[in-house]
1. Return the pair list, or none, for Cβ contacts closer than 9 Å from residues in segment 209-237 that are of a type in the set (Lys, Arg) to residues that are outside any loop (DSSP other than H, G, I, E, B) and modelled with pLDDT of 95 or more, at least 6 apart or on different chains.
2. Which residue is modelled with the highest pLDDT, if the candidates are limited to segment 467-495 and must be assigned to a loop (DSSP other than H, G, I, E, B) and loosely packed, with under 14 Cβ neighbours inside 10 Å?
3. Can you name the number of the only condition in (1) at pLDDT below 95; (2) in contact with a helix residue (DSSP H, G or I) (Cβ under 8 Å, 6 or more places away or on another chain) that Glu188 fails?
4. Looking at the structure I just gave you, is Val263 among the aliphatic types (A, V, I, L, M) and either touching a residue at least 60 places away in the same chain (Cβ under 8 Å) or in contact with a Phe, Trp or Tyr (Cβ under 9 Å, 6 or more places away or on another chain) (or both)?
5. For the subset of segment 84-121 comprising residues that are hydroxyl-bearing (Ser, Thr, Tyr), in contact with a strand residue (DSSP E or B) (Cβ under 9 Å, 6 or more places away or on another chain) and over 12 Å from Gln350 (Cα atoms), which member is surrounded by the most Cβ atoms within 10 Å (Cβ to Cβ)?
6. Just the residues that are assigned to a helix (DSSP H, G or I) and either touching a residue at least 60 places away in the same chain (Cβ under 8 Å) or exposed (fewer than 12 other Cβ atoms within 10 Å of the Cβ) (or both), please, taken from segment 315-334.
7. Quick test of your reading of the structure: Gly247 fulfils all but one of (1) over 22 Å from Asn157 (Cα atoms); (2) under 23 Å from the mean Cα position of the chain (by Cα). Name the failing condition by number.
8. Could you tell me which numbered condition Asp340 fails, if it satisfies all but one of (1) assigned to a helix (DSSP H, G or I); (2) surrounded by fewer than 15 Cβ atoms within 10 Å (Cβ to Cβ); (3) in contact (Cβ under 8 Å) with a residue 24 or more places away in the chain; (4) touching a Lys or Arg at 6+ places or on another chain (Cβ under 8 Å)?
Amino acid sequence: MYRTVAQLDSVTNILSAFFPAIFHREQLPETSIQRRPVWALRMRAGGGGGGRRAVLLVGGTHARELMNPDAIAELAIDLVLSYLNGTDITYGGRTWPVSDIKLTLESLDIWMVFCANPDGREHVMTVDDLWRKNRRDNPGVVCPNAVDPDGVDLNRNADFVWGVTQGQTSCNPCADVYVGASAFSEPETRNIRSLLNTHAIDTFADVHSFSELILFPWGHAPTQTTDPSKRFTTLPTGTCTTIGVPGYQEYMPPRDLQKFQTVGNQIRSDINAVRGRLYTNQASIALYPTTGTQSDYVYSRHIANPALHKTYGYTFETGPSTPDLRESFHPADPTLIKRDAKAAMLSLIQQSVCAIELIGIQFLAGTDAVTSTRRVRDESLASTPAGREWIALAESILSEVGLVLLEDRELGQEAAGLLEIATKRLQYERTPLTGDEVARAQKLIKRVASKSESRQLQSDLQTVSDALARMEGLTITDALETLTRQGPVGYSNKQGA
């Protein structure tokens, strides 16, 4: 029913051997505690070298959650068959057209670690089917009631407020949620850190079971968006006590909270379309408080060290809670739940596409235009509610626009030319936008809209075109100030951000 560790490894080997132009197999730097190799698989299609946005999907962190490594492996197979055969991907009532699959594979690097904890999975399939941790030997530990004293909870071992025992986190080696001897004491968690250090990962999902949840940071404290001085970097770690600051709330920029909520709501919608299951999209702490988790760690990295790449981290909890714990973790027939899980991952992958970065990779020699656009987004628009509405609108249409630009090289080249003009306007802030430039941009928008049958996309593009009409004669500074004061007229954030 479920694949063994050897079978999962065989899938990575077969895919990379049979489709070397699409798959790259990479052994991660460290073997597991019991000396098993851990493999990562990178998936990409089309030309081009580096510079792509990247997604990382991780399964099997908790040993007894058997469905998710299989779901990730099957998603890889579904994606390559769709791309090579020119067929859509359908999970129940949700279909991704082959054109969407082509866009994602030709614009992203998709990294997959089917099973991060191979020792634990082997133990579950041969000894104890409710084992959660890895197989670290904790010497000198005696547990009551003959509980196995071994193992570390890999999802409490990351270097994020490590060892602070909030909620479901413990310094007791006998506990299922044991944090380990130190942050990143385990080779399995260091492997994930290595991937993040080696590759610029933009979005991350740690796929778990169960409870039908889409979780995002923070897990250690409630989120607030008004006081940037409240940062985890000032909290004590490794104390084996709670945070100790009454009413502590962790800061998150409003733009990032909006991003987590918006993407999560679309994932929820895509899962629901498969067979009607309604997942809950929420901050991790709404489930229970935790520290040292992988999704919090990957997002926190750029805050603790601004030199590191920013990664949006999610945790998926696939499948419902049932009266039978075993059935919840590894049901007799996981087929339908795996479809939900694959829909969740595919939704996240699709939302990781950025048309502006695609233009930069496909049509521009450098990345200055992309960097400048990011700066406008993060430093100007994200500073006000109206500006964040413009960001939400842009992100809701960028993947569809990217598909049009990828399929029509002439339009892509024209978009690249306009992006270069915008970059120059940012460099020479006092130069106003001319009527010819505005008309050129509006013409491109009209042509892109004509290539799509989506009335929603056409309406959203018209909103952008109308805003451009008001920008003629303004400097780029004045234009941005206008956008931060007034959101898109006639547009409402469909994702509920």
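1. Lys230/Gln224; Lys230/Glu250; Lys230/Tyr251; Arg231/Glu250; Arg231/Tyr251; Arg231/Ile303; Arg231/Ala304
2. Gly473
3. Condition (1) is where Glu188 drops out.
4. So Val263 passes the test.
5. Thr90
6. Those that are assigned to a helix (DSSP H, G or I) and either touching a residue at least 60 places away in the same chain (Cβ under 8 Å) or exposed (fewer than 12 other Cβ atoms within 10 Å of the Cβ) (or both): Leu325, Arg326, Ser328, Phe329.
7. Of the numbered conditions (1) over 22 Å from Asn157 (Cα atoms); (2) under 23 Å from the mean Cα position of the chain (by Cα), the odd one out for Gly247 is (2).
8. (2)
The values are calculated or read from the model by the stated rules, or taken from the named source; none is laboratory data. Note that the structure is predicted; figures quoted are calculated from it, not measured. Using ideal geometry, Cβ is built from the backbone for each residue, glycine included, and neighbour counts are taken over all protein chains shown.
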